[in-house]
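Throughout, read-outs are computed from the coordinates displayed, never taken from laboratory work. None of the values given here were measured: they were computed from a predicted structure. Glycine gets a Cβ as well: all are built from the backbone with ideal geometry, and neighbour counts include every protein chain shown.
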Amino acid sequence: MTIKTIKNYSLNFNPKKRNFKQIKFVIFHYTGMKRELEAIERLTKVQSEVSSHYLIKNDGIIITLVPDRYEAWHAGKSSWKNYKSLNKNSIGIEVSNPGHGPSYKKFSDKQINSLIRLSKFLIKKYNINSRNILGHSDIAPNRKKDPGEKFPWKYLSKNKVGLWHTLKVKELIKNRNFKINKVEKELFINNLNEIGYSKKNLKGLKKDKYLREITKAFQRRFRQELINSKIDRECLLISKNLIKRYR
């Protein structure tokens, strides 16, 4: 299996070549820029000091920016489980989208179809575990929102890209906005940490504020209908369900 891409190489990468075993994660991003050409320019411009391995355009065309075996600069300060600075161990995929704000929009079918094909190719090539298919906001919740709540994580999971919970919609809605007690709140926090969300605050935020940020990151990923940073029984149920899949 091969993936057809257009090459538009960026100089923003670590020149030391990685071995296959170092590549353990795929990280999804949105470009966060109104114009696609501006996003491509930024990812290839030396002065920007950012890049990714791939970019998926609005029409579904895939651009290779940095070859897989080199470390692209897409994750920044980041952590997941015991991993820090995930650039070293990941492949970054940018999907063209203006991002949060008045222009934030659904990702196109062409983009998602290309993303699934590319992801499956990388998963097979590098033997990447489904638990290690992540979004930028998962690994840097106090800095990033992408790829955001309009990113179709559930659909991707159905196509064997990443994980999703197995709870029924009726059960979830019944428990939405239902308050939990202190013991249940601590259980939710422990579940987040076991799933992979970092215990360590990389930006020096106060504990309560950092908890709100990782809760929002969790909601953008697994409870996309309501992003409010509040821990309710629905969030707790989802976290309990996911623990079985992320162990």
Pairs from 179/230; 77/158; 185/207; 57/110; 24/84; 16/124 whose Cα-Cα separation, in the structure shown, is over 19 Å: 77/158; 16/124
Mean separation of Cα contacts under 8 Å, 6 or more apart, over the residue count of region 6-158: relative contact order %: 30
GNM result for the chain, Cα springs below 10 Å: residue of 175, 191, 142 fluctuating most strongly: 175
Of the trypsin sites (Lys or Arg not before Pro) in region 39-71, those whose Cβ has at most 16 other Cβ within 10 Å and which sit in DSSP loop: 45, 69
GNM top mover of 236, 134, 43 - the chain, alpha-carbon springs below 10 Å: 236
Rel. contact order, % - alpha carbon contacts under 8 angstrom, at least six apart, region 95-247: 28
Residue exposure sequence - 114, 137 - by fewest surrounding Cβ within 10 Å: 114, 137
Test item: Cα-centred dipole of region 169-246, Lys/Arg +1 and Asp/Glu -1 on Cβ, debye: 180
Fluctuation leader among 15, 98, 152 - the chain, Gaussian network, Cα springs under 10 angstrom: 15
Cα gyration tensor shape for region 6-158, rounded if a/c is under 1.5, else prolate or oblate: rounded
Residues 5, 44, 215 arranged by fewest to most Cβ contacts within 10 Å: 5, 44, 215
Tilt relative to the chain, helix 109-126 - C-alpha long axis, 0 to 90 degrees, to 10: 80
Residues 232, 109, 68 arranged by fewest to most Cβ contacts within 10 Å: 109, 68, 232
